[in-house]
Amino acid sequence: FFIDLGNGEDDEPVTAAEVLILTQAVRKNKPATQVYIRGDKEVQYGKVVTVMAALKNAGVPNVGLMTENF
């Protein structure tokens, strides 16, 4: 998984646990922050679903998926 904190840096790879920690930290200060998941083609779909469910259980009301045009 990759996370973009909107700081102009390239996406950095992170684990599912890091996604939760970073998301909770950002949403603590900015609760309306929208969360989107973008995995490269190597990420198994089941892992994406697991992260989406974990984010929902952590209180993120809406989790979006980012896509690319091919």
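The values are calculated or read from the model by the stated rules, or taken from the named source; none is laboratory data. Remember, it's a predicted structure, so these values are computed and weren't measured experimentally. Methodologically, a virtual Cβ is constructed for each residue, glycine included, from the backbone with ideal geometry; neighbour enumeration extends over all protein chains shown. Calculation scope for accessible area: heavy atoms of the full protein, side chains included, ligands and nucleic acids excluded. Shrake-Rupley method; radii C 1.70, N 1.55, O 1.52, S 1.80 Å.
Details
- Counted residues, segment 48-70 - those being farther than 18 Å from Ala25 by Cβ and among the aliphatic types (A, V, I, L, M): 6
- Condition broken by Met52, with the remaining ones in (1) open to solvent by 70 Å² or more (accessible area, probe 1.4 Å); (2) modelled with pLDDT of 85 or more; (3) not in a loop (DSSP other than H, G, I, E, B) satisfied: (1)
- Pick from segment 8-37, criterion open to solvent by 60 Å² or more (accessible area, probe 1.4 Å) and assigned to a loop (DSSP other than H, G, I, E, B), ranking: modelled with the lowest pLDDT: Gly8
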